[in-house]
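Beneath this line is the structure, given in structure tokens, with notes to follow.
The values are calculated or read from the model by the stated rules, or taken from the named source; none is laboratory data. Values in this document were obtained by computation on a predicted structure and should not be read as measured data. FYI the Cβ positions are ideal-geometry reconstructions off the backbone, even for glycines, and counts take in every protein chain you see.
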Amino acid sequence: MAAAVVGVSLAATACTETASSSPASVAGDIRAAYSPARAEQPAPPGGAAGRHKAMAALPTGKRIFGTGCGILHRRGPGSAAALATAPVAAALSQAPALSQLAQAIRLAGLTSMLNSARALTVFAPDDAAFDYLGAGNLQALLANRPDLVRVLKFHLVAGRVTPAELAKRHVFTTVAGTKLYLARFGQTLGVNNAAVTCGNVQTSNATVYIVNRLIIPVG
């Protein structure tokens, strides 16, 4: 992973808030929001990486990849070229199908911190991922700032992680201290309980992998 680290303290974001749920209990709340019929479990420690010794090659350089990249505009605001010139929170706010994530970042008070970070990797849940929680659960999450900050930190990794690094390392630690397990299943790149639909999207200070679920942390 690149040596650059987050230039600001994300951990301090909720320091003035009242004590809230632990990361484990927040993860449980997210998991419980999925109905039993469609619930997806995160990979067990060592699971995704342990079951797949070698991940198939991913694109090199700055090429985006994934079957869901059609959500990006071809030109103008919301295009890959436009996102590459903006810091990550600003870029996400103009990205198609990421409006709920942009709103969550604003409500969590993370906009300035994310925009001023030196280098980040963001696993960005799309609008469908937030809708999947159900309206009641989503509104409850958005209304609880400490829990919202924790959930968003489950999706952040310090430094800019390239597709090649994803293929080699398999396991990454988020800024929340939880684990992300990467595995390739056919043409799909899995991250815990989620799948990358469009990856290697560049902003001026971050690399973004759009995912189809809010990530349930492991560890």
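Brief remarks on what is shown
- Filtered residues of segment 186-219 (kept if part of a strand (DSSP E or B) and free of Cβ contacts under 8 Å to residues at least 12 places away in the same chain): 188
- Per-region count, segment 107-163, residues within 14 Å of residue 88 (Cα to Cα) and without any contact (Cβ under 8 Å) to a residue 24 or more places away in the chain: 2
- Condition check for residue 203: crowded, with 22+ Cβ neighbours inside 10 Å and over 23 Å from residue 146 (Cα atoms): yes
- Filter result for residue 143 (more than 21 Å from residue 67 (Cα to Cα) and at pLDDT 95 or above): yes
- Tally, over segment 104-139, of residues that are hydroxyl-bearing (Ser, Thr, Tyr) and in a strand (DSSP E or B): 1
- Which numbered condition residue 106 misses (of (1) modelled with pLDDT under 95; (2) surrounded by fewer than 18 Cβ atoms within 10 Å (Cβ to Cβ); (3) more than 24 Å from residue 173 (Cβ to Cβ)): (1)
- Hey, residue 142 surrounded by 22 or more Cβ atoms within 10 Å (Cβ to Cβ) and part of a helix (DSSP H, G or I) or not: no
- Test: residue in segment 154-173 that is buried (at least 20 other Cβ atoms within 10 Å of the Cβ) and of a type in the set (Asp, Glu): no
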